[in-house]
Amino acid sequence: MLYDTVENIVNVYDSPTDYPELKMEILKVFSVEVPFSEEEFPKMSRQDVLNAITKAVYDGFERKSERIVEITYR
């Protein structure tokens, strides 16, 4: 489900000039920063963008899950 949501967002904001909107949408939906700069974005393939954001989202989700477990079992 996370991958599909990231893919939908990347498909909407796929123009090199869409970086600010892409960054804001990823932050709004997943509460993570995109793992590349505005200068890097136009040079990346759509698949590279998708892979990088998906990894950041999964990593963020894992950190949050671990923190919840840590708090729960104190």
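The values are calculated or read from the model by the stated rules, or taken from the named source; none is laboratory data. Since the model is a prediction, treat every value here as computed from it, not as a measurement. Note: ideal-geometry Cβ built from the backbone for every residue, glycine included; neighbour counts use all protein chains shown. For the accessible areas, the whole protein counts, side chains as well, though only heavy atoms, and no ligand, DNA or RNA atoms are used. Shrake-Rupley method; radii C 1.70, N 1.55, O 1.52, S 1.80 Å.
Placing unit charges on each Cβ (+1 for Lys and Arg, -1 for Asp and Glu) gives the chain a dipole about its Cα centre, and among Pro35, Thr54, Val69 the Cα reaching farthest toward its positive end belongs to Val69. The accessible surface of the chain, taken with every protein chain in place and a 1.4 Å probe, is 55 percent carbon and sulfur. Where in the stretch 25-46 does the amide nitrogen come within less than 13 Å of the point 7 Å from the Cα of Ile71, taken along Cα to Cβ? Flagged as within label range: none. When only the Cβ of Lys, Arg, Asp and Glu is charged (+1, +1, -1, -1), the dipole of the chain relative to its Cα centre reaches about 340 debye. Measuring with a 1.4 angstrom probe and ignoring ligands and nucleic acids, Ile9 comes out at about 20 Å² accessible. Net charge in the neighbourhood of Met24 (other residues with Cβ under 14 Å of its Cβ; Lys, Arg +1, Asp, Glu -1) is -3.
Between the entries [x] 1.03; [y] 1.05; [z] 0.96, the label attached to Rg/Rh (Cα atoms, Kirkwood Rh) calculated for this structure is [y].
To the nearest ten degrees, helix 2-12 and the longest principal axis of the Cα atoms of the chain are 20 degrees apart.
Projecting the Cα atoms of Pro16, Ser45, Ile26 onto the charge dipole of the chain, computed from C-beta unit charges around the Cα centre, puts Ile26 farthest toward the positive end. Maximal additional length on extending the Glu62-Val29 stretch stands at 10.3 nm, based on 0.36 nm per residue less the C-alpha distance. For GluC sites (Glu not before Pro), the sites in the chain that DSSP calls loop and that have at most 11 other Cβ atoms within 10 Å are Glu39. Applying a DSSP loop filter and a limit of 11 other Cβ atoms within 10 Å to the chymotrypsin sites (Phe, Trp or Tyr not before Pro) in the stretch 25-74 leaves Tyr73. Each residue of the stretch 35-51 is assigned a 3J(HN,Hα), and the resulting list reads x, 8, 8, 5, 6, 6, 3, x, 8, 8, 6, 4, 5, 5, 4, 4, 5 Hz, derived from the Karplus form 6.51 cos²θ - 1.76 cosθ + 1.60 (θ = phi - 60°), x at Gly and Pro.
For the chain, the solvent-accessible area with a 1.4 angstrom probe is 70 square angstrom per residue. If one takes the longest principal axis of the Cα atoms in the chain, at what angle in degrees, from 0 to 90 and to the nearest 10, does the Cα axis of helix 19-30 lie? Roughly 20 degrees between the two axes.
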